[in-house]
1. What do you reckon, how do T293, T40, T166 stack up by accessible area (1.4 Å probe), largest on top?
2. State, as an integer percentage, the relative contact order of the range 1-58 based on alpha-carbon contacts under 8 Å between residues 6 or more apart.
3. Can you tell me what percent of all Cα-Cα pairs in the range 1-58 are more than 19 Å apart?
4. Could you tell me the accessible area of K116 in Å² (1.4 Å probe, neighbours in place), rounded to the nearest ten?
5. In the full protein assembly as shown, how much of V56 is accessible to a 1.4 Å probe, in Å² to the nearest 10?
6. Please work out the average accessible area per residue across the range 1-58, using the 1.4 Å probe convention, and give it in Å².
7. Just need the relative contact order of the chain here, percent rounded to a whole number, with Cα pairs under 8 Å and 6+ apart.
8. Can you send over the carbon and sulfur percentage of the accessible area for the range 123-221, probe radius 1.4 Å, protein chains only?
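The values are calculated or read from the model by the stated rules, or taken from the named source; none is laboratory data. This is a predicted model, so every value here is computed, not measured. Here the Cβ positions follow ideal geometry from the backbone for every residue, glycine too, while neighbour counts run over all protein chains shown. Side chains included, ligands, DNA and RNA excluded: accessible areas come from the protein's heavy atoms. Shrake-Rupley method; radii C 1.70, N 1.55, O 1.52, S 1.80 Å.
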Amino acid sequence: QEDYNIPIEVLARYGWGLRCLQNVDSVEKARGRARSAVSTLIFSYLLIDGGKEGYVKMHDVVRYVAQQIASKNKFMIKAGVELKDWPSINKFEDLTGISLMFNDIHEVPDELECPKLQALLLQENSLLVIPDRFFQGMKDLKVLDMGGIRGFSLPSSLSFLINLRTLSLHDCRRFGDLPLIGELSLLEILDLSKSDVSEIPISFGRLSHLRLLDLTDCDDLELIPRGVLSRLRKLEELYMSRSFHHWQFEGEEDSSSNAKFIELGSLSRLTSLHIHIPNGKIMSSDMSFQNLTSFSITIGDLAAGFISAAIEVFSRKFKKRCSRAMGLSQDMRISGVHSWIKNLLLRSEILALVDVNDLENIVSDLANDGFNELMFLGIFGCNEMKCLLNSLERTRR
């Protein structure tokens, strides 16, 4: 669509699923490769800066040429053209890609034979109904995007997608049988952000190849069964901002058997963690997170709102995305902060401190060697604070 802001993150996730990005062995490297390719295309005037960090646009002339090239390579594109019905073409068997995003299609065929199909993009057809057998003839499908579809049930034929690598159910509502996803044994990227999922099925623990799980803005998420997260041993990126906050305390047992924060310590490949921890008491001191290169971690309810606002300001001011942000608030006492938290504080670009107790001097209490990477500092209601830096104390050293 003309003037549509294309998220570079989505391009990276598609590229990973389709194996378009050569010689990359992690999602983080794939994202870097996608950003590099986008920069080259902008420099060549084939893409336009989106005016917002992480987005690009495509000129209508370039889009037309791209569509012509795609059609010659067996890719059908009818995106954003106000389609009401599934397109009528003679043969679907040779298609490698179908993009019908941003239309108003209500029904799809009962069954579709597309043995060569690699990518199927159906997002933002909000009232789309998908029959039970629809996916049976798409066994080579690698990328499936059904974001923004409301009130549909996942068809049982989803289990036929044995080669699926990237699945997006972003902003879906009432989509039913989630345990089916646990049968997608090769799935590597799963996006459930902004959906109304309330419970993660135990079957998700079988997603042994999963590298990225996005649960951002899942406001209704109340149950993640204990042991599911710790079994995702290949997980590299976990996004849970403004989402699940019912972490169970160590030693606490009840019928819900919810996840414990310490389970994240089993994820040795984790490089990106975006999470909200409502109560500092659920955290274990025995955590390292030594491989994290990107994080947004808020501890205490007040910190989350401040961090979200700070990241937005940071992006506008510095024209770059924030990679590392920390927020501490409420019941946190500096004297009781675990060493792994202090290590992340030292690496933070954004730091928000809200109503933190017994904090008198930021440098001596938190970082004797200083905050060498800090670009944005917010302090609110820390009533015991005496100074940011005691210069006399530094001179005596």
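1. My answer, sorted largest first, is T40, T293, T166.
2. 46 percent
3. Considering the range 1-58, 26 percent of its Cα-Cα pairs are separated by more than 19 Å.
4. We get 110 Å² for K116.
5. Roughly 0 Å² of V56 is accessible to a 1.4 Å probe.
6. Result: 60 Å² of accessible area for each residue.
7. Answer for the chain is 7 percent.
8. Answer for the range 123-221: carbon and sulfur cover 45 percent of the accessible area.
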